[in-house]
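This report refers to the structure that appears directly beneath it.
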Amino acid sequence: MTDTALVLLHGFPLDGRMWDRVREHLSAQMPELDIMAPTVRGCHKTQPWPADYAPSLTWEADRIAELINQSSHTRAVVVGLSMGGYIAQALAAHHPQIIAGMVLMDTNCGADSPASSDARLSMATLAESKQSKQVYASLDQMVEALCARDTFVNNHDVIERAQEMAREIDPGSIAWIQRAMAARPNSQDILQFIGKKVPSLVIRGAEDPTCTSKTANTMAEALGCDVVNIPSAGHFSAMEQPQAVAKALEGFLRQNYTEF
Ligand code: MLT
């Protein structure tokens, strides 16, 4: 038992099961590691977002901090993929004392451009108009468009699993999450701050159309760390190439933490 846990924060429209294969590989190699992969509030219909709270990812960062505080650990190496990366950055901004390391995957540290923000708000409006068939169809398309070609051709079950997870999210929560993501701030200064305090790493699916090399380099420069590219992976690298992602995480942990 060490003082430090590994917390894996998933992307949208997925849930904590997104990390299942990465966890399997990591647990086999590092049995002493305590891995937490919570489902973000709202990303499963059993846990809707609190409709009476203004949409903000800070709310979820507070909840993750509470989970860590209630565990037997005092700190965590936090790994966030896409939306999970936004939540990791909110955690660094509001609960820096809890962070023992930061790994950002397939995400970015900028605020939304007006076009991205408009697209999110349109999806929120569609979800709120109860046209759930259209919302899930558009999430299906989004998942397909964000995966690597190899996943599409040789590993289609990954896409189907991601689409099944998307269907477990209530339309109201989809709207809330879209509005929360659209409201997030630029976090470059937070990365500069946290990168000086703890070890960090950026991981990118080499075919991720949203986290481009430039985006990954901007985060790595702010953090002062390296970028690992995962071949044959797109935006959902942890599902598309779990073994390679687990290997990158294992290397990072062994290099920077004597307790693992
Ligand atoms: C995710 O995978 O979490 C989403 O693509 C995040 C986003 O829409 O920016």
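Solvent-accessible area assigned to carbon and sulfur over the chain amounts to 49 percent, based on a 1.4 Å probe.
Taken about its Cα centre, segment 116-164 carries a charge dipole of roughly 160 debye when the Cβ of each Lys and Arg holds +1 and the Cβ of each Asp and Glu holds -1. Using the Karplus relation 6.51 cos²θ - 1.76 cosθ + 1.60 with θ = phi - 60°, the per-residue 3J(HN,Hα) values for segment 80-85 come to x, 9, 6, 4, x, x Hz, with x marking Gly and Pro.
Out of segment 1-82, which trypsin sites (Lys or Arg not before Pro) are coil in DSSP terms and have no more than 15 other C-beta atoms within 10 Å? Please list the in-between numbers first.
On the way: sites: Arg17, Arg21, Arg23, Arg41, Lys45, Arg63, Arg75; in loops: Arg41, Lys45.
Those that pass, being in a loop and sparsely packed, are Lys45.
Using a cutoff of 8 angstrom between alpha carbon atoms and counting only pairs six or more residues apart, the relative contact order for the chain works out to 25 percent. Highest mean first, the peptides 149-156, 164-171 sorted by other C-beta atoms within 10 Å per residue fall in the order 164-171, 149-156.
Note on Lys45 and Asn186: the extension gain reaches 47.8 nm, defined as 0.36 nm multiplied by sequence separation minus the Cα-Cα distance. Between amide H atoms placed 1.01 Å from N, distances below 5 Å from Ala111 occur with Asn186, Ser187, all of them 5 or more places distant or on a separate chain. Take each peptide in 85-92, 249-256, count the other Cβ atoms within 10 Å of every residue, and average; sorted highest first, the result is 85-92, 249-256. Placing +1 on each Lys and Arg Cβ and -1 on each Asp and Glu Cβ, with no other charges, gives segment 150-260 a dipole about its Cα centre of roughly 440 debye.
Annotation: peptides 181-187, 118-124, ranked by per-residue average of other Cβ atoms within 10 Å with the highest first, follow the order 181-187, 118-124.
Towards the positive end of the charge dipole of the chain, with charges on Cβ (+1 Lys, Arg; -1 Asp, Glu), say which of Ala5, Thr39, Cys109 has the farthest Cα. In the chain, that residue is Cys109. In a reduced charge model with +1 at each Lys and Arg Cβ and -1 at each Asp and Glu Cβ, the chain shows a dipole moment near 260 debye about its Cα centre.
Distant-in-sequence amide contacts of Leu9, defined by a placed amide H-H separation under 5 Å and a gap of 5 or more residues or a different chain, comprise Val79, Gly80, Leu81. In this structure the amide hydrogen of Ala206, modeled in the peptide plane, comes within under 5 Å of the amide hydrogens of Ile230, Ser232, Ala233, none closer than 5 places in sequence on its chain.
For segment 116-235, with the dipole built from +1 on Lys and Arg beta-carbon atoms and -1 on Asp and Glu ones, taken about the Cα centre, which of Ala180, Ala233, Cys147 lies farthest toward the positive end? Of the options given, the answer is Ala180. Between Glu24 and Gln243, the modelled label-to-label distance comes to 1.1 nm, taking each label 7 Å out from Cα in the direction of the beta carbon. Normalised per residue, the accessible area of segment 1-149 is 41 Å², obtained with a 1.4 Å probe and no contribution from ligands, DNA or RNA.
The values are calculated or read from the model by the stated rules, or taken from the named source; none is laboratory data. In this text, all values refer to a predicted model and were calculated from it rather than measured experimentally. Don't worry about glycine lacking a Cβ; one is built from the backbone with ideal geometry, like all the others, and counts go over all protein chains shown. Side chains are part of the model used for accessible areas, which takes the heavy atoms of the whole protein and leaves out ligands, DNA and RNA. Shrake-Rupley method; radii C 1.70, N 1.55, O 1.52, S 1.80 Å.
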